[in-house]
Amino acid sequence: TGLTFQDIKDKVNKYMIETYERFDFLAETAEGMYMYDENGTPYLDFYAGIAVNNAGNRNPKVVAAAKEQLDDIMHTFNYPYTIPQALLAEKVCETIGMDKVMYQNSGAEANEGQIKLARKYAKDHGHPERFVVITMKNSFHGRTLATCTATGQYAVHRYFEPLPSGFRYAEFNNLQSVKDIMDEYVCAILTEPVQGEGGVRPASQEFLQGLRDLCDEKGILLMFDEVQVGSGRTGKLFAHQNYGVEPDTCSMAKALGSGVPIGAVCARGEAAKTLTPGTHGSTFAGGPLACALAATTLDVMINDGVIENSRKMGEYFRDQMHKVIEKNHPDAVNEIRGLGLIDGIQLNKPSGQPVVDLCFKDSKVLINNTNGNVLRFVPPLIVNEEEIDIVIKAVDEAMTKLGW
């Protein structure tokens with residue numbers, strides 16, 4: 001383009017409403033585990049577009065699928081049938097044991113779809129009084145008004161009051177706290193099997209099974225938010241498969257389309273019959289291009305050893321990080337936790353941002369800080385041991401430089 005990095009920054013500052021605090025580099029190209037700036041400088045990507053590029057940056061099979069689909073049809077409205085929609089629906093439902101799928105454009109929209117489904121389900125089954133959805137404190141479900149209200153974090157709520165009614169918050173991994181706010185107005189429980197933005201907190205087996213039993217007892221829906229932890233991230237195609245607990249509905253997005261926006265809601269049993277023509281819809285949801293890339297992404301996850309690599313490399317990351325932290329920074333870290341390749345280091349410090357900044361500046365390693373003081377690591381699932389060692393070394397050196 002003939003533009004310098006400073007030219008690009010000037011245009012962004014002049015023309016864009018900025019809602020992000022940016023890394024100070026220009027992401028011009030990407031490949032595999034790395035992003036490259038305009039000078040070809042590599043940055044090791046343990047951010048993966050916020051858990052999106054699970055198959056790796058510009059996975060060759062996904063790129064080929066995009067080119068092939070663009071030669072056929074890129075967009076149509078949702079009245080004719082399309083081949084990519086049908087093939088993806090079959091693949092998703094068959095691999096996670098659901099009956100039906102409804103396409104959306106994002107994780108927030110998918111969670112909105114779950115909330116709408118739950119309220120209609122209650123009315124369809126003779127309970128018009130039921131409209132409340134119980135979610136968990138420190139959860140994250142999206143940025144629309146309904147899903148930011150469903151999110152159990154005041155930092156996401158602030159500035160946007162009055163918020164929509166119909167949401168209550170329980171303690172994650174505390175079944176009694178859910179029971180304490182259960183009454184005749186509740187239509188569903190919505191939770192992440194692993195809280196991502198909330199600090200990388202995996203659910204306990206007892207908690208998820210207890211939610212399933214409670215929903216069965218009350219005749220209400222159990223809904224899982226798998227937007228961040230789906231598509232192989234946790235060492236299973238979807239996180240709830242680690243627990244053997246089946247939800248009534250499940251949302252997905254992020255990595256599903258390898259960077260092309262697509263979300264979905266899966267449902268089983270009576271829940272799958274709830275939304276009918278005219279009750280929900282979207283112009284772009286389930287477009288041929290997005291569905292073709294999602295089907296290819298799932299093929300890569302399932303058939304190319306990516307899911308198994310996620311499990312193995314997650315175990316390696318936590319094992320090696322434990323060794324380094326215990327040896328060099330035992331007083332700086334409260335806990336290391338995770339499942340598959342969503343991992344977090346909870347610090348005994350107010351914020352992890354200084355570590356993030358030093359990893360970027362000194363080591364060209366991209367990680368992030370969430371929930372105040374939790375370093376989060378969500379690399380592409382093709383990562384190997386050598387790349388994990390580079391990141392652990394970068395974190396170790398950053399903490400040492402900070403005197404931690």
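Looking only at the range 39-89, count how many residues are open to solvent by less than 70 Å² (accessible area, probe 1.4 Å), in a loop (DSSP other than H, G, I, E, B) and over 20 Å from ALA285 (Cβ atoms). Within the range 39-89, residues that are open to solvent by less than 70 Å² (accessible area, probe 1.4 Å), in a loop (DSSP other than H, G, I, E, B) and over 20 Å from ALA285 (Cβ atoms) number 9. Among the residues here, LYS218 does not qualify as on the phi > 0 side of the Ramachandran plot, at pLDDT 95 or above and open to solvent by 40 Å² or more (accessible area, probe 1.4 Å).
Of all residue pairs spaced 6 or more apart or on separate chains, those with beta-carbon atoms under 7 Å, a first member in the range 344-365 that is touching a residue at least 24 places away in the same chain (Cβ under 8 Å) and a second member that is open to solvent by 50 Å² or more (accessible area, probe 1.4 Å) and β-branched (Val, Ile, Thr) are VAL365/ILE390.
Given the criteria among the aliphatic types (A, V, I, L, M), in a helix (DSSP H, G or I) and buried (at least 17 other Cβ atoms within 10 Å of the Cβ), does ALA122 qualify? Answer is yes for this residue. Just one of the listed residues (LYS236, LYS327, LYS254) is without any contact (Cβ under 8 Å) to a residue 40 or more places away in the chain and under 25 Å from ILE388 (Cβ atoms), and it is LYS327. Just one of the listed residues (ILE388, ILE342) is in contact with a helix residue (DSSP H, G or I) (Cβ under 6 Å, 6 or more places away or on another chain) and either more than 30 Å from MET301 (Cβ to Cβ) or open to solvent by less than 10 Å² (accessible area, probe 1.4 Å) (or both), and it is ILE388. Looking across the range 251-267, the residues that are part of a strand (DSSP E or B) and either within 20 Å of LEU293 (Cβ to Cβ) or hydroxyl-bearing (Ser, Thr, Tyr) (or both) come down to SER251, MET252, GLY263, ALA264, VAL265, CYS266. A Cβ distance below 8 Å, combined with a sequence gap of six or more or placement on separate chains, defines the contacts here; from the range 214-228, residues that are of a type in the set (Lys, Arg) reach residues that are open to solvent by 20 Å² or more (accessible area, probe 1.4 Å) and not in a strand (DSSP E or B) in the pairs LYS218/MET182. For the range 95-119, filtered to residues that are modelled with pLDDT under 95 and in a helix (DSSP H, G or I), the residue that is least open to solvent (accessible area, probe 1.4 Å) is ILE96.
Looking at GLY338, is it of a type in the set (Gly, Ala, Ser), in a strand (DSSP E or B) and in contact (Cβ under 8 Å) with a residue 12 or more places away in the chain? Taking the combined requirement at face value, the residue satisfies it.
The values are calculated or read from the model by the stated rules, or taken from the named source; none is laboratory data. As the structure is a computational prediction, the values presented were derived from the model and not from experiment. A quick note on method: Cβ atoms are made from the backbone with ideal geometry, for glycine too, and the neighbour counts reach across all protein chains shown. Side chains included, ligands, DNA and RNA excluded: accessible areas come from the protein's heavy atoms. Shrake-Rupley method; radii C 1.70, N 1.55, O 1.52, S 1.80 Å.
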